[in-house]
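Here is the structure we will look at.
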Amino acid sequence: VSSGGPALPVVEVFGPTLQGEGRVIGLRTMFVRLAGCDWACSWCDTPYAWRPGDLAPPERLGAPAILERLAQLDAACRRVTLSGGNPALHDCGPLVAALHGRGYAVHVETQGSRAPAWLGSADSVTVSPKGPSSGMPPDWEGLAATLRVAADPDLKVVVFDGADLDFALEVRRRHPGLPLTLQAGNRVGRDGEAELLGRLRWLAGAALARPELGDVRVLPQLHVLLWGNRRGA
Ligand code: SF4
């Protein structure tokens, strides 16, 4: 362990790009994607971050090397999104501290299965529990624990069908005070623009038909509409 903290398994560092999801959608940001996930969602859009056979050996980088990469890509951007996989599997506390030291705002994306204390040192955390279409069982305790430690959390649920929408309602019922985004699902490699927009239209109508979901955001994945399902966007 160096002064920069533990080396982290980095799949990709990229940007600047537009944050494509959730409450921070549309903001210019850099991305640091870490390897490894404790779940295996059927429709995962980043299998190259964790799935055996898709995962390329990650680079082991400490905070100083990650800061250098970020500065090379964009010396001005001061927003970073830590994503995965599940970045909560790793000790990112020293990286968050190093990023703050350089003036970065740090946003984290995680699914709510692990609740390391460092999630409280980020600036904001989007927690995205997975609905029935993911093939993963709900982890309500993990979600509650994550939301207890996460800094300025918001919730995001990917929706493909009515069962996912029911799941989103249950998320809303359990955590009524938090911002909630419903994100139209995306099957990487199968959905084109027409399918994605069709699902977004269905979701918009379905959400509008449920008064209990009156204060949610309904969104697509902005980066996918702009640039398709390619890596590094
Ligand atoms: S939790 Fe996220 S990264 Fe992990 S398998 Fe599911 S969608 Fe993929």
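Within the stretch 86-187, considering only helices (runs of 4 or more DSSP H) that don't extend past its boundaries, which have at least 2 residues that are charged (D, E, K, R)?
140-149, 162-174
Scan the stretch 43-53 residue by residue and report those that are near the ligand (Cβ under 9 Å from one of its atoms) and either open to solvent by 40 Å² or more (accessible area, probe 1.4 Å) or hydrophobic (A, V, I, L, M, F, W, C) (or both).
Scanning the stretch 43-53 gives W43, C44, D45, A49, W50, R51.
Counting only residues that are surrounded by fewer than 21 Cβ atoms within 10 Å (Cβ to Cβ), closer than 25 Å to R28 by Cα and within 16 Å of the ligand (Cβ to nearest atom), how many does the stretch 100-127 have?
So the count comes out to 0.
Report, by residue number, each residue of the stretch 203-233 that is touching a residue at least 12 places away in the same chain (Cβ under 8 Å), over 27 Å from V32 (Cα atoms) and of a type in the set (A, V, I, L, M, F, W, C).
Hits for the stretch 203-233 are L203, A204, A206, A207, L213, V216.
Does the stretch 54-64 contain any residue that is away from the ligand (no atom under 16 Å from the Cβ) and assigned to a loop (DSSP other than H, G, I, E, B)?
Yes; the residues of the stretch 54-64 include at least one that is away from the ligand (no atom under 16 Å from the Cβ) and assigned to a loop (DSSP other than H, G, I, E, B).
Could you tell me which numbered condition L70 fails, if it satisfies all but one of (1) within 23 Å of P6 (Cβ to Cβ); (2) more than 20 Å from the chain's Cα centre (by Cα)?
Against the list (1) within 23 Å of P6 (Cβ to Cβ); (2) more than 20 Å from the chain's Cα centre (by Cα), L70 comes up short only on (2).
Of everything in the stretch 33-42 that's more than 7 Å from the ligand (Cβ to nearest atom) and in a loop (DSSP other than H, G, I, E, B), which residue is surrounded by the fewest Cβ atoms within 10 Å (Cβ to Cβ)?
Only one residue tops the list, namely S42.
Could you tell me whether any residue of the stretch 60-72 is crowded, with 18+ Cβ neighbours inside 10 Å, among the charged types (D, E, K, R), in contact with a Pro (Cβ under 9 Å, 6 or more places away or on another chain) and within 30 Å of M136 (Cα to Cα)?
Looking through the stretch 60-72, none of the residues is crowded, with 18+ Cβ neighbours inside 10 Å, among the charged types (D, E, K, R), in contact with a Pro (Cβ under 9 Å, 6 or more places away or on another chain) and within 30 Å of M136 (Cα to Cα).
The values are calculated or read from the model by the stated rules, or taken from the named source; none is laboratory data. Since the model is a prediction, treat every value here as computed from it, not as a measurement. Here the Cβ is made from the backbone with ideal geometry for all residues, glycine too, and neighbour counts use every protein chain on show. Areas reflect the complete protein model, heavy atoms only, side chains present, ligands, DNA and RNA absent. Shrake-Rupley method; radii C 1.70, N 1.55, O 1.52, S 1.80 Å.
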